[in-house]
Structures are given as structure tokens and as C-alpha cells.
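Structure record follows, encoded as C-alpha cells.
The values are calculated or read from the model by the stated rules, or taken from the named source; none is laboratory data. None of these values were measured; they are calculated from a predicted model. Heads up, the Cβs are rebuilt from the backbone with ideal geometry, glycines too, and the neighbour counts pull from every protein chain shown.
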Amino acid sequence: MPDLVLASSSQYRQQQLASLGYRFRIATPDIDERPLPSETPRAIAQRVATMKARVVAQKFPKYVVIGSDQTGVCNGQLLVKPNVFETAQDMLLSFRGQSVCFFTAVSVLDPSGKTLCDVVKTEVQFRDFTKREVNAYLTLDQPWDCAGAIKSEAHGPLLFKSVRSEDPTAIVGLPLIRTSEFLRECGINPLELVDAKTLQNTTEREPE
């Protein structure tokens with residue numbers, strides 16, 4: 001089974017990938033993530049994810065490399081990381097009753113140079129929450145490093161009314177359904193690592 005590298009310093013993506021049993025190294029890509037003129041949020045995510053994978057692949061040419069990126073947009077405005085409380089508060093208050101779209105891209109590059117890439121769209125409808133609720137959420141999650149100040153893996157869903165996506169894991173930062181599909185094409189599947197003895201013990205167990 002090929003070796004795997006995650007081209008990301010994001011602890012959230014690392015936790016996601018590890019949760020499915022993947023064994024991988026971590027490498028931080030050093031790239032310019034600023035959007036190009038007139039570039040759409042979807043295109044930004046796809047380009048940056050692929051750039052991350054390609055830059056790290058230069059250091060790990062014999063590895064399968066995963067790059068990922070996420071952008072968000074509300075009312076035509078590209079979302080950024082707030083960095084401080086006041087900016088995060090203003091962002092979230094502007095989301096009340098609004099629909100926010102997140103575009104999460106994954107790019108998988110194998111040692112032959114083949115690239116598999118896709119972008120998953122997630123639409124989040126926010127409810128009409130109060131300023132006090134926003135302040136409480138920010139105190140709990142401190143989402144200064146998250147685009148749009150949303151930590152969907154923590155208390156963020158308390159502000160949601162609904163979520164629409166073909167991959168519910170994408171909003172966290174890495175679309176696991178599409179990622180695992182691409183990794184299987186590259187010969188990496190955690191389910192293949194389960195040894196025969198464990199499988200036998202499981203299948204022979206009497207149902208309760």
C-alpha cells in the first residue's frame with residue numbers, strides 16, 4: 001500500500017483523516033493562497049488544493065499526497081479568517097437568516113503524477129440567532145482560524161437552520177467521501193488493513 005502525506009497544517013483535516021484509520025505524514029505547503037483576479041470561490045479552492053499537493057509532492061515524490069482547501073461566500077462576498085473576536089462577531093451577525101456556501105476542494109496526487117480533484121459544495125442556512133448567542137459561541141469555540149468563523153465540528157451547528165451537501169464531512173475542511181474514493185483509486189484503503197483473524201472473530205460472533 002503506498003505511503004500517504006497530508007499537505008496541510010490544519011488540525012481539523014488531520015483529525016478527519018485519522019478518524020477513518022489512515023496512516024499518514026504531515027507536511028505544510030508553503031504557497032501563496034491569495035485569489036487571482038475575477039477567480040470564483042470554487043476555482044480558488046480547486047487551484048489552491050492542487051497547488052498544495054504539487055508543492056508537497058516535490059518533497060515526497062514516492063508518496064500519494066492530499067491537498068485540500070476551502071472557501072466560503074455570502075451575498076457574493078468571499079469569506080476570510082476573522083483572526084480576532086470583533087471581526088468574527090461582525091461576520092456571524094451578517095449571516096443571520098442568510099445562506100452561506102462553502103466550497104471544499106480535495107486534490108490527490110500519486111507518484112506517477114496523476115491528479116484526482118473535485119470540489120464539494122455545502123450550503124448552510126443560518127437561523128435568526130441573537131448577538132448573545134454569537135458571543136457565547138465565540139467564547140466557546142474561538143474560531144479565529146476558520147473561514148467565516150464557523151467551526152462545524154464544534155458548536156457551529158447551534159447557529160445553523162439547515163445544511164445541504166452531498167458530503168456532510170466537507171464543511172469541516174476535508175470531504176472524506178470523495179477523498180477516500182480517490183485514495184482507493186491510488187491503492188490506499190484502511191479497510192484492507194484489517195487482518196484476517198480480526199475479520200474471522202467478527203463474523204463468527206453470535207448476534208445478541
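For the reader, a short list of remarks on this structure follows.
- Residue within segment 123-145 that is modelled with pLDDT under 95, in contact with a strand residue (DSSP E or B) (Cβ under 8 Å, 6 or more places away or on another chain) and either of a type in the set (Gly, Ala, Ser) or surrounded by 14 or more Cβ atoms within 10 Å (Cβ to Cβ) (or both) present: no
Okay, residues lined up against (1) touching a residue at least 60 places away in the same chain (Cβ under 8 Å); (2) closer than 23 Å to residue 6 by Cβ; (3) basic (Lys, Arg):
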| position | (1), (2), (3) |
| --- | --- |
| 140 | no, no, no |
| 147 | yes, yes, no |
| 152 | no, yes, no |
| 157 | no, no, no |
| 165 | no, yes, no |
| 171 | yes, yes, no |
| 185 | yes, yes, no |
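- Counted residues, segment 46-79 - those being surrounded by 23 or more Cβ atoms within 10 Å (Cβ to Cβ) and farther than 25 Å from residue 2 by Cβ: 3
- Within segment 148-183, restricting attention to residues that are in contact with a helix residue (DSSP H, G or I) (Cβ under 9 Å, 6 or more places away or on another chain) and of a type in the set (D, E, K, R), the residue that is modelled with the lowest pLDDT is 153.
- Residues of segment 90-133 that turn out to be in contact with a Lys or Arg (Cβ under 7 Å, 6 or more places away or on another chain), more than 22 Å from residue 157 (Cα to Cα) and assigned to a loop (DSSP other than H, G, I, E, B), as a count: 1
- Any hit, segment 80-89, residues being crowded, with 22+ Cβ neighbours inside 10 Å and part of a strand (DSSP E or B): no
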